[in-house]
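Input: a single structure, listed below in structure tokens.
Computed from the coordinates by the stated procedures, all read-outs in this text should not be read as laboratory data. These numbers come from a predicted model, not from an experiment. Positions of Cβ are backbone-derived with ideal geometry, glycine not excepted, and every protein chain shown enters the neighbour counts.
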Amino acid sequence: MTAEPTLCAIVPPYVLDRLAEDGHEPAARSLALDAAHRAARLTAALPDRAAAADRLERVISDAAHRERLPGRTVRQEGEGAVPDQSVNHAYDGLGATWTLFSAVYGRHSIDDQGLRLDATVHYGQDYDNAFWDGRRMVFGDGDGEVFGDFTACIDVIGHELAHGVTQFTAGLEYRDQPGALNESVSDVFGSLVKQYALLQDAAEADWLIGAGLLAPGVQGVALRSMKEPGTAYDDPRLGKDPQPAHMRDYVRTGQDNGGVHINSGIPNHAFYLLATALGGRSWERAGQIWYDALTGRRLPADADFTAFARATVAAAKARYPEPEVADTVTASWAKVGISPT
Ligand SMILES: [Zn+2]
């Protein structure tokens, strides 16, 4: 079963909206492009499967600042680095994501059948976003004033490809609580891709999404913080990070598909609390529990936070016989105001 692909962009619409209202041209253009992408019917064929399902296969293309996909092929699997660092960053980030899912969870690419990983860099002029369109990853260069090159953050690449994993597994609907879970799962695996690549344990990790993406001079450290949702940025142009960390602060809004990039702070923080409480490498027990809940085929596409929390407790019990693990999962959800029992 494959859910309908949704266009999932890393920078939420409310951030670009605010910049655009402020007269920031690249943000206005990026918003218009994102709206066009959403409206376009995503009818392109899926990329090929790799020759062997357990083999990594990447194709990086260059849009050369135009708005046509895929662009010219510039680096394929096994080819050496090229002078263009955006190409190499995209190539490496796709590889790091594939490696986490393969080495840790035994998953063969995002569809578990060896789907080739395609990406396009240098999309559009000063395009302030990166997205997964259900078939490929697309990266803008950023405007250089508020956002830098979107290939620079390995967790952003992991985030976008994790949308593909969700699309091929739980198929969480992209609105309200299931949408916020969809976003949160992408933040969780995006952060795990980075932690795995850097061999960091839970205490060492920065738990930020998009660290280094904001241009110098912007008052902020990243797009989101799983450790302290709501603290990633507070800038005159960007506004303040609106993420809650607890159900009592849940934001009811018609914007952003019902706040999918806002309320994701709540399950994000639950994962952070679990990973740090268990300690050690987050991709091991905490990540495995989230992976099992997402891919276990029992989670409905319209799951709310409580349903997902229950799925993680069930996954913990199934995977780890010692009751402390499932108890720690329950306690982590309770700390963000969600009772799985
Ligand atoms: Zn996303």
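Structure values in brief
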{"read-out": "Cα shape, the range 86-212, gyration tensor, a/c 1.5 rule", "value": "rounded"}
{"read-out": "For TYR196, TYR123, order by how many other beta-carbon atoms lie within 10 Å, fewest first", "value": "TYR196, TYR123"}
{"read-out": "Long-range amide H partners of SER61 with built H, under 5 Å", "value": "VAL74, ALA119, THR120, VAL121"}
{"read-out": "Inter-label distance, nm, simple model (7 Å from Cα along the C-beta direction), MET247/ARG298", "value": "2.0 nm"}
{"read-out": "The range 9-142 - convex hull of alpha carbons, volume per residue in Å³", "value": "111 Å³"}
{"read-out": "THR73 versus THR306: modelled label distance in nm, points set 7 Å from Cα along the beta carbon direction", "value": "5.2 nm"}
{"read-out": "Charge-dipole axis of the chain as Lys and Arg at +1 and Asp and Glu at -1 on Cβ define it, positive-most pick from THR166, ILE154, VAL87", "value": "THR166"}
{"read-out": "Paramagnetic reach from GLU21 (point 7 Å along Cα→Cβ, amide N under 20 Å) across the range 252-287", "value": "252-263"}
{"read-out": "Residue-span extension gain [SER102 to ALA81] - 0.36 nm each, minus C-alpha spacing", "value": "5.3 nm"}
{"read-out": "Gyration tensor verdict on the range 243-300 (Cα atoms; rounded if a/c is under 1.5, prolate if a/b is larger than b/c, oblate otherwise)", "value": "oblate"}
{"read-out": "³J(HN,Hα), Karplus 6.51/-1.76/1.60, whole Hz, each residue of the range 110-126, x for Gly, Pro", "value": "6, 9, 6, 10, x, 3, 5, 9, 10, 8, 10, 10, 6, 7, x, 9, 6"}
{"read-out": "Stokes-Einstein diffusion coefficient of the range 230-341, Kirkwood radius over Cα pairs, 4 °C, 1.567 mPa s, in µm²/s", "value": "88 µm²/s"}
{"read-out": "Ratio Rg/Rh [Cα only; Rh per Kirkwood] for the range 170-272", "value": "0.97"}
{"read-out": "Dipole moment magnitude, nearest 20 debye, the chain about Cα centre, only Lys, Arg, Asp, Glu C-beta charged", "value": "880 debye"}
{"read-out": "Point-charge dipole on Cβ atoms (K/R +1, D/E -1) for the range 118-210, about Cα centre, debye to 20", "value": "400 debye"}
{"read-out": "Cα gyration tensor, the range 80-130 - rounded (a/c under 1.5), prolate or oblate", "value": "prolate"}
{"read-out": "Relative contact order %, the chain, counting alpha carbon pairs below 8 Å whose residues are six or more apart", "value": "15 percent"}
{"read-out": "Taking only Cα atoms of the chain, radius of gyration then Dmax in Å", "value": "18.7, 57"}
{"read-out": "Under-5 Å amide H pairs with VAL82, H placed in peptide plane, nonlocal only", "value": "ASN88"}
